[in-house]
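The values are calculated or read from the model by the stated rules, or taken from the named source; none is laboratory data. The model shown is predicted, which means the values in this text are computed figures rather than measured ones. We place every Cβ from the backbone using ideal geometry, glycine too, and count neighbours over all the protein chains shown. Keep in mind that these areas ignore ligands, DNA and RNA; they rest on the heavy atoms of the full protein, side chains included. Shrake-Rupley method; radii C 1.70, N 1.55, O 1.52, S 1.80 Å.
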Amino acid sequence: MKREIDAFISYMHEKRETSANTEAAYTRDLRKLMEYVQQHHVTSFAQVNAGQLQAYVQELEAQGRKAATISRFIASAKAFFTWQVSEGLRTDNPAKGLKAPKIEKKPPEILSEEEIARLLDQPSSHAPKELRDKAMMELLYATGIRVSELISLELDDVNLQMEYVTCRDEHKERTVPFGAKAKCALEYYLEKSRPQLVGDANCRLLFTNCSGEPMSRQGFWKIVKYYGKQAGLAGEITPHTLRHSFAAHLLGNGADLKSVQELMGHSDISTTQVYMQLSNRKIREVYKNAHPRV
């Protein structure tokens, strides 16, 4: 069964040009399904039926899994069994009738400009790790790039003189500028910190973990969460919080929607419009709290 999963992932990578994150999610979902059906004495995906898939979804619900997690599994199952049919491994798609639960869309969390300043001021020592953390968070807020893009940056992707980074994936490339504070943090990191963290002179990654290995998304999430607590910020602070705040602050300070869409790498401008609503809401909150006659 594992070979079938691996063959499906190879197909998605080669034919559909899926991202590494999507492939990891497919693999995780399908392996968990494999473990579940094997517990019920099913030894081949060709034996899996619609009732077993529905029972698995119900078990995920009973475990208290989030609607987004269940919806992602259903999407994975539908894609996998559609592939099985196309490959002649079975004649029907048992996942066809699965219905995804409704996902309550919550507005993304954003920080005020003052809160961002407190967060970015937390790594303040000259220790190599803190210089790296400072550079990473400053660059993330300065550019609004995704976490996966940040940890994948290579040295050649950063132009310090012209102050921009280049982000690439399988489908496109975009250039995002950054400002003086991010440049200063990067320069200090490259001079004082990176040589101590990266032992391999051939390593081209801009940022690594403390062992000189590629940093994981989870690793950077823990870094941001730690500094959020150090700054005394309410709620769970994540790398996405910095990305969301980047967009909302640009729009709140007069940037046009189309430019922010391009900077964020959004394919649909409606995704960017959410930040316009957040920015307007934040302005109303500030007005309400500060105006003497409200």
D_trans [Stokes-Einstein, Kirkwood Rh over alpha-carbon pairs] for the range 111-204, 37 °C, 0.692 mPa s, µm² s⁻¹: 236
Cut-off of 10 Å, at most 13 other beta carbons, DSSP loop: longest stretch of the chain lacking such trypsin sites (Lys or Arg not before Pro): 205-292
Exposed GluC sites (Glu not before Pro) absent - longest run of the chain, DSSP non-H/G/I/E/B, at most 11 other C-beta within 10 Å: 171-294
Cα-centred dipole magnitude for the range 122-176, charges only on beta-carbon of K, R (+1) and D, E (-1), debye, nearest 20: 160
Charge dipole (debye, nearest 20) of the chain; +1 at Cβ of Lys and Arg, -1 at Cβ of Asp and Glu: 940
Fraction of accessible area attributable to carbon and sulfur, the range 74-146 (%, probe 1.4 Å): 53
Cross-link reach list, aspartates and glutamates versus residue 222, counting only Cα pairs under 15 Å and skipping chain neighbours closer than eight places: 130, 133, 236
Semi-axis lengths, Å, the range 106-152, gyration tensor of Cα atoms, sqrt of 5 times eigenvalues: 20, 16, 7
Charged-residue dipole, Cβ positions (Lys, Arg, Asp, Glu), the range 121-256 about Cα centre, Debye nearest 20: 360
1.4 Å probe accessible area per residue over the chain, in Å²: 57
The range 13-148 - Rg over Rh from alpha carbon coordinates, Kirkwood radius: 1.15
MRE, 222 nm, helices only [DSSP H, n ≥ 4, -39500 (n - 2.57), over the chain, to nearest 500]: -18000 deg cm²/dmol
The range 193-248 and the range 40-102: distance between their alpha carbon centers, rounded to Å: 35
Using alpha carbons only: equivalent-ellipsoid semi-axes of the chain, gyration tensor based, whole Å: 39, 25, 18
Extension gain, residue 44 back to residue 274 (0.36 nm per residue minus Cα-Cα distance, nm): 78.4 nm
Residue-level accessible surface for residue 13, protein heavy atoms, 1.4 Å, Å²: 100
Within straight-line cross-link reach of residue 99, lysines at Cα separation under 17 Å, skipping those fewer than 8 residues along the same chain: 66, 78
